Amino acid sequence: MHIVISGYYGFDNVGDEAILFSIIKNLRYLNSKINITVLSNNLESTKAMYGVNAVNRWKLKEISDVLKTADGLISGGGSLLQDTTGLKSIPYYTGIMRIAMMHGVPVFVYAQGMGPIHKSFNKWLVSSTLNKAIGITVRDESSRQLLIDIGVNKEIVVVPDPVIGLDGSLFSTTWLRQQHISKPIVAVSVRDWPSEINFKERIARALDRLAQRNYSIVFVPMHGVHDYKTSMDTAALMKNRSFIAPGNISIGEKISIIGQANLLIGMRLHALIFSAITATPFIALSYDPKIDAFASIAEQPVAGHVCKDGWDDKSLTELALSQLADEKRQAAFLKEKIGPMKKSALKTTELAMKMFAEKSHA
């Protein structure tokens, strides 16, 4: 069987790469001889990292040629079908699906987070495309409701994010050991985001308050140089010392750093998910509904929204100290909460493979 995977891959975004890693791992678990091609922005990196075939995601002729040989297209996971971070995302990802459909290749929408979708044309594009997919799975109830609201009339199944299926205890970090960082640790994941509120300053002040209580502050950049710069900017606003992990260390190292922390304060969705799979209590700082949705699923607190008032460094500090004081109970709670979801993550892959097989035998 030959499966093509389309998503935000080859851009040095740890969250998306962790999704790809998880999907490939599950596909190979179910079929050790499966042939996988990934549409990527960085062919050599993707080939070397996952041992797969890779095609340039921007060359539509090459994409069309490889889809002609495929038994199925997996679209996802991640937040692909939204028009907040760019106007090209929805036309691009639905375009890839439509090329597959043109060649009679079945399309499976894999654990995606949907929206926000603001433009009427984009709503039509998403609904008209997804109504032709053989299977639609989304990672939260709000994504399911959005698709229903814009006119998707097929069954939509809510499933866990693929990364939840990973066993966080299997990873280790050389970098953290080399720093000789004293525990306890508060890990931090920040990203840049346009806001009239100086949220980096609020975070920095809260981190200073925690540092003064002998917590070691460790920034974990999730999107390469982009998050590394934001981490540097935030650390520069602090009066106390902090540590910043390299942006280019492996997915496994970043999971392990968060796993060895006592608390994560995070903006990035997959930093929160890494926290959940390692049973590290977290506090979310929201910039997008997907952050609120996962915090709700994991039943962990949201300190506030980076574009809205209603929180400051003092409230963030108090929330952090509350989580840290309740760390053991919160860790046990996360383990219990995420356990069943880990098993469900594999079922999404099983459903995709079953649907592809049925289509090929039809």
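Residues in the range 280-293 that are touching a residue at least 60 places away in the same chain (Cβ under 8 Å) and either small (Gly, Ala, Ser) or open to solvent by 10 Å² or more (accessible area, probe 1.4 Å) (or both): 5 in all. For the range 160-171, the set of residues classified as touching a strand residue (DSSP E or B) at 6+ places or on another chain (Cβ under 9 Å) and open to solvent by 10 Å² or more (accessible area, probe 1.4 Å) consists of Pro160 only.
Apart from one condition, Ile148 fits all of (1) β-branched (Val, Ile, Thr); (2) surrounded by 16 or more Cβ atoms within 10 Å (Cβ to Cβ); (3) out of contact with any helix residue (DSSP H, G or I) (no Cβ under 9 Å at 6 or more places or on another chain); the exception is (2). In summary, Val109 fulfils each of the numbered conditions (1) in a loop (DSSP other than H, G, I, E, B); (2) under 21 Å from the mean Cα position of the chain (by Cα) with the single exception of condition (1).
Sub-7 Å Cβ pairs linking a first residue in the range 106-129 that is touching a residue at least 60 places away in the same chain (Cβ under 8 Å) and more than 25 Å from Gly15 (Cα to Cα) to a second residue that is assigned to a helix (DSSP H, G or I) and open to solvent by 10 Å² or more (accessible area, probe 1.4 Å), at least 6 apart or interchain, are Pro106/Met355; Pro106/Lys359, ordered by first then second residue. Among the residues of the range 160-212, none is identified as outside any loop (DSSP other than H, G, I, E, B), farther than 21 Å from Lys254 by Cα and under 19 Å from the mean Cα position of the chain (by Cα). Residues considered: Val186, Val157. Of these, the only one that is open to solvent by 10 Å² or more (accessible area, probe 1.4 Å), of a type in the set (Val, Ile, Thr) and either without any contact (Cβ under 8 Å) to a residue 12 or more places away in the chain or in contact with a strand residue (DSSP E or B) (Cβ under 8 Å, 6 or more places away or on another chain) (or both) is Val157. Among the conditions (1) of a type outside the set (Phe, Trp, Tyr); (2) outside any helix (DSSP H, G or I); (3) open to solvent by less than 90 Å² (accessible area, probe 1.4 Å), the only one that Asp309 does not satisfy is (3). Entry remark, the range 26-73: residues being without any contact (Cβ under 8 Å) to a residue 60 or more places away in the chain and either within 25 Å of Ile164 (Cβ to Cβ) or outside any helix (DSSP H, G or I) (or both) number 25 in total.
Of the residues making up the range 202-241, just one is of a type in the set (Ser, Thr, Tyr), closer than 12 Å to Val186 by Cβ and surrounded by fewer than 22 Cβ atoms within 10 Å (Cβ to Cβ), namely Ser216.
Every residue, every condition in (1) buried (at least 18 other Cβ atoms within 10 Å of the Cβ); (2) closer than 13 Å to Ser75 by Cα, yes or no:
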| residue | (1), (2) |
| --- | --- |
| Ile96 | yes, yes |
| Val105 | yes, yes |
| Met114 | yes, yes |
| Ser120 | no, no |
| Ala133 | yes, yes |
| Arg144 | yes, no |
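Can you work out which of the residues in the range 213-259 that are of a type in the set (S, T, N, Q) and within 20 Å of the chain's Cα centre (by Cα) is nearest to Tyr50 (Cα to Cα)? That would be Ser250. Among the residues of the range 176-194, write down those that are closer than 18 Å to Ile273 by Cβ and of a type in the set (Gly, Ala, Ser). Across the range 176-194, the qualifying residues are Ala187, Ser189. Scanning the range 73-90 for residues that are on the phi < 0 side of the Ramachandran plot and surrounded by 15 or more Cβ atoms within 10 Å (Cβ to Cβ) returns Leu73, Ile74, Ser75, Gly77, Ser79, Leu80, Leu81, Gln82, Asp83, Ser89, Ile90.
The values are calculated or read from the model by the stated rules, or taken from the named source; none is laboratory data. The structure presented is a predicted model; accordingly, all values stated were derived computationally and were not measured. Reconstructed Cβ throughout: ideal geometry from the backbone, glycine too, with neighbour counts over all protein chains shown. When the accessible area is computed, the model is the full protein with side chains, heavy atoms only, and any ligands, DNA or RNA have been set aside. Shrake-Rupley method; radii C 1.70, N 1.55, O 1.52, S 1.80 Å.
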